[in-house]
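Worksheet: one structure, shown below.
The values are calculated or read from the model by the stated rules, or taken from the named source; none is laboratory data. Quick caveat: nothing in here was measured; it's all calculated off a predicted structure. Glycine also receives a Cβ, built like all others from the backbone with ideal geometry; neighbour counts cover every protein chain displayed. For accessibility, only protein heavy atoms count, side chains too; no ligands or nucleic acids. Shrake-Rupley method; radii C 1.70, N 1.55, O 1.52, S 1.80 Å.
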Amino acid sequence: MSIEDQLKRLILFRNFTEEQLGRVCRSASTSQLEKGGRLFEQGDAANCFFYLLEGQIKLSRISIEGDEKIIEVISPGGVFAEALMFLEATNYPVTAEALSNSRLIRVHFQDYRNVLRESVDVCFGMFADLSKRIHGLVMEIDHLTLQNAACRVAGYLMTHAPEDTNEYDLETSKHVLASRLSIKPETLSRIIKQLCTMELIQLKGNHVTILDPDKLREFSDSCALEEGSLSDSFHHSGD
């Protein structure tokens, strides 16, 4: 599938004409990263945003104390770093690293901004997206500050289960998952053990089996959070 066919499925490009899309795609390119490869480092000059086609990309920052904080794990269909276009930021505030072999499309800021300057329809589409981002961030603040760790873990396990089965594989390591949920890895292990003892779930390696969906959902109800809102606060997804 061509770059144009890939990009026009996104909200970011939904209101583009064929001519506008073609102008942006002329300088766009496809890149591949092996597991552990860095797409960019925190502080690097920012001039592109990215659409992930395959693999997983970890976005992280290093704190003043030298600790890594995982901001987001991007899955296929996710777009990231595009918000920097509107902040007039000159540097990436995070590091982007491949958690698995990955393939993505990079789009240059300047080409996209040129289209925005001449298209009211595209600008209104972006306003709608920014509103959605704000809502997602408010939800996440509530999630991280008001809900207990066990509720967050239960909610994560419930919302990541496929619609047609109660069995699935975790997409990230337990270390990455713990950081994403703002808890320590040992705390995550204790919570998972608790959920297993309660016979709500079973975990073998990275394979999760939800034994009692109703009770697990009841356990996590106080979170009242759709996990999709978290990713919406950081990046676009496809249709």
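To two decimal places, what compactness ratio does the stretch 3-51 give when its Cα radius of gyration is scaled by 2.2 N^0.38 Å?
Taking N as the residue count of the stretch 3-51, the ratio is 1.36.
With just the Cα atoms of the stretch 22-157, tell me how far they stretch along each of the three principal axes, in Å, largest first.
Computed over the stretch 22-157, the largest-to-smallest principal extents equal 48, 35, 30 Å.
Roughly how many Å is it from the Cα centre of the stretch 90-111 to that of the stretch 24-79, as a whole number?
Centre-to-centre (Cα) distance: 4 Å.
5 Å is the cut-off here: which amide hydrogens, built 1.01 Å from N in the peptide plane, fall below it relative to Glu72, excluding neighbours closer than 5 in sequence?
For Glu72, the qualifying residues are Leu59.
Points 7 angstrom from Cα along the Cβ direction at Asp44 and Ser182: gap in nanometres?
Using points 7 Å along Cα→Cβ, the separation is 2.8 nm.
Enumerate the amide H contacts of Phe40 below 5 Å, restricted to partners 5 or more residues apart or on another chain; note that Pro and chain-start residues carry no placed amide H.
For Phe40, whose amide H was placed from the backbone, the distant partners under 5 Å are Ala96.
Under the definition of Cα pairs under 8 Å and six or more residues apart, what whole-number percent is the relative contact order of the stretch 121-210?
27 percent
Restricting things to alpha carbons, find the Rg to Rh ratio for the chain using the Kirkwood radius for Rh.
Here the Rg-to-Rh quotient is 0.99.
To one decimal place, what Kirkwood hydrodynamic radius in Å is obtained for the stretch 149-197 from all pairs of distinct Cα atoms?
Values: mean 1/r = 0.0891 Å⁻¹.
Final number for the Kirkwood radius of the stretch 149-197 is 11.2 Å.
Carbon and sulfur atoms: what percent of the 1.4 Å accessible area of the chain do they account for?
Details: 6380 of 12540 Å².
That share works out to 51 percent.
Averaged per residue, what accessible surface does the chain expose to a 1.4 Å probe, in Å²?
52 Å²
Rolling a 1.4 angstrom probe over the protein chains, ignoring ligands and nucleic acids, what is the accessible area of Thr165 in square angstrom, nearest 10?
50 Å²
Helix 185-197: angle to the longest alpha-carbon principal axis of the chain, degrees 0 to 90, nearest 10?
Rounded to the nearest ten degrees, it is 50.
With θ set to phi - 60°, apply the Karplus curve 6.51 cos²θ - 1.76 cosθ + 1.60 along the stretch 162-171 and write out the HN-Hα couplings as whole Hz, x wherever there is a Gly or Pro.
Result, rounded to whole Hz: x, 5, 9, 7, 9, 10, 6, 9, 4, 7.
Could you state the angle between the C-alpha long axis of helix 109-118 and the longest principal axis of the C-alpha atoms of the chain, as a value from 0 to 90 degrees rounded to the nearest 10?
70 degrees
Between 0 and 90 degrees, rounded to the nearest ten: what's the tilt of helix 120-146 against the longest Cα principal axis of the chain?
Between the helix axis and the principal axis of the chain, the angle is about 20 degrees.
Please give the direction-averaged projected area of the C-alpha convex hull for the stretch 1-89, in square nanometres with one decimal.
6.8 nm²
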